[in-house]
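Beneath this line is the structure, given in structure tokens, with notes to follow.
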Amino acid sequence: MQTDKQSIAILGSTGSIGTQTLDVISQHSDLFEVYALTANNNIDRLVEQAKVYSPEVVAIADESKYHALKQALSGLPIKVFAGEKSIGEIAEMSPIDTVVTAMVGYSGLLPTIKAIEANKKIALANKETLVVAGKLITELALQHHVDIVPIDSEHSAIFQCLVGENESSVEKLILTASGGAFRQTPIEMLSLATASDALKHPTWKMGAKITIDSATMMNKGFEVIEAYWLFGIDTDRIEVIVHPQSIVHSMVQFCDGSLKAQLGQPDMRHPIQYALTFPKRLQANLERASLADIGQLTFEKPDLDKFPNLRIAYSAIRRGGNIPCILNAANEVVVDAFLKGKIGFFAMSDIIEQTINEVAFIASPKLYDYIATDSEARQRALEKIK
Ligand code: MN
């Protein structure tokens, strides 16, 4: 398959970002072709997508589903792989130009490393990759002259605000946050909050893990860390502001006091398309934000008593080393436990903080340190749940 089209691999194609990326690709099939699709375990949707988009390769991380996948695609000219390792092998295949990293959590780390080492452009949706190992990833990208273009809407907004600007004139990055499902819930009611309450996100439709992260504001904490690595701005100059309408996607303040903001409908297909077409802009048949209909855009300070995760995340990136990696691992464990109804809202932050205090600090971690830290932090966090 040798064409002029941009050849794309979507890691995590069956999730929310993955399916919306395919939607964007469908709108511009003259420019993009799907080379590879990978999923964690949603075999039915993966098969459905493979039949529509005819990739060269598909992979499922869950090895036990290999035969079912192979059978479902038999007769089609599609190579089938299985196992977590195969996701990284796919990311480095030579025809691929761009790798969209849309998997959930820590699982994004190793395939992203493989993709960068193979000089692929990265359209980054998996923010945990930068939370866990931002230093390693950004240094590797620099070394391989690889662009990391953010898909995350806040970072896409900042990225767009920075076009044509001089780095040294940036004073501050201002990340907007919807405030999540519990923005208006009184603090004394929060301890009773359940997963189903938390899953009712006011403005964005997303996967379960990120919707819980949004309800606890860990998502915003992760985004502060993501911005720190993507834009090389110190955390003292990264501010979070709650903006419930999710129309202003983020802002940059410059040394002359000027503020630039990027606005639009809360629809991830906008930042996905921008990441794929940057530095160009292409037509998108998506709803436009009508400010007169929206009427009001409001802003408020985040409540750090209600959302201690935001404070914990700032502290983690300031301490650096393997602490953000511990933060991420403990968070994945507690979010899973909260989704299963095993722990309450504030237990999530408590367990994360305890885990950070227990796992040994490593100032300059190597890849194997991150892997060991992740595993130890998960184990420590799990012990506090049972
Ligand atoms: Mn975001």
Practice task
Please state which of the following conditions residue 196 fails to meet, knowing it meets all the rest: (1) more than 15 Å from the ligand (Cβ to nearest atom); (2) buried (at least 18 other Cβ atoms within 10 Å of the Cβ); (3) over 21 Å from residue 304 (Cβ atoms).
Solution key: (2)
Problem - Sole residue being more than 18 Å from residue 218 (Cα to Cα) and out of contact with any His (no Cβ under 7 Å at 6 or more places or on another chain), chosen from 168, 196, 191 - result: 168
Handout entry: Boolean, residue 210 is within 16 Å of the ligand (Cβ to nearest atom), in contact with a helix residue (DSSP H, G or I) (Cβ under 8 Å, 6 or more places away or on another chain) and modelled with pLDDT under 95
Key = yes
Exercise for the section: Would you mention how many residues in the range 126-153 are more than 14 Å from residue 229 (Cα to Cα) and either in contact with a strand residue (DSSP E or B) (Cβ under 9 Å, 6 or more places away or on another chain) or charged (D, E, K, R) (or both)? Expected result: 3
Problem - Hey, residue 309 of a type in the set (S, T, N, Q) and within 23 Å of residue 195 (Cβ to Cβ) or not - result: yes
Practice task
Determine the pairs where a residue that is within 14 Å of the ligand (Cβ to nearest atom), located within the range 106-134, has a partner that is open to solvent by 10 Å² or more (accessible area, probe 1.4 Å) and acidic (Asp, Glu) with Cβ atoms under 6 Å apart, the partner being 6 or more residues away or on another chain.
Solution key: 127/152
Practice task
Return the total of residues in the range 135-147 being touching a residue at least 12 places away in the same chain (Cβ under 8 Å) and part of a helix (DSSP H, G or I).
Solution key: 6
Exercise for the section: Having 1 or more residues that are free of Cβ contacts under 8 Å to residues at least 24 places away in the same chain and exposed (fewer than 12 other Cβ atoms within 10 Å of the Cβ) is the bar; report the helices (runs of 4 or more DSSP H) wholly within the range 205-309 that clear it. Expected result: 291-294
Exercise for the section: Being open to solvent by less than 30 Å² (accessible area, probe 1.4 Å) and either in the same structural domain as residue 131 (by TED's automatic domain parsing) or part of a loop (DSSP other than H, G, I, E, B) (or both) is the filter here, so list the residues in the range 345-365 that pass it. Expected result: 359, 365
Practice task
Report whether or not residue 164 is more than 16 Å from the ligand (Cβ to nearest atom), over 19 Å from residue 273 (Cβ atoms) and surrounded by fewer than 24 Cβ atoms within 10 Å (Cβ to Cβ).
Solution key: yes
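The values are calculated or read from the model by the stated rules, or taken from the named source; none is laboratory data. Note that the structure is predicted; figures quoted are calculated from it, not measured. Positions of Cβ are backbone-derived with ideal geometry, glycine not excepted, and every protein chain shown enters the neighbour counts. Remember, those area values only see protein heavy atoms, side chains included, never the ligands or the DNA or RNA. Shrake-Rupley method; radii C 1.70, N 1.55, O 1.52, S 1.80 Å.
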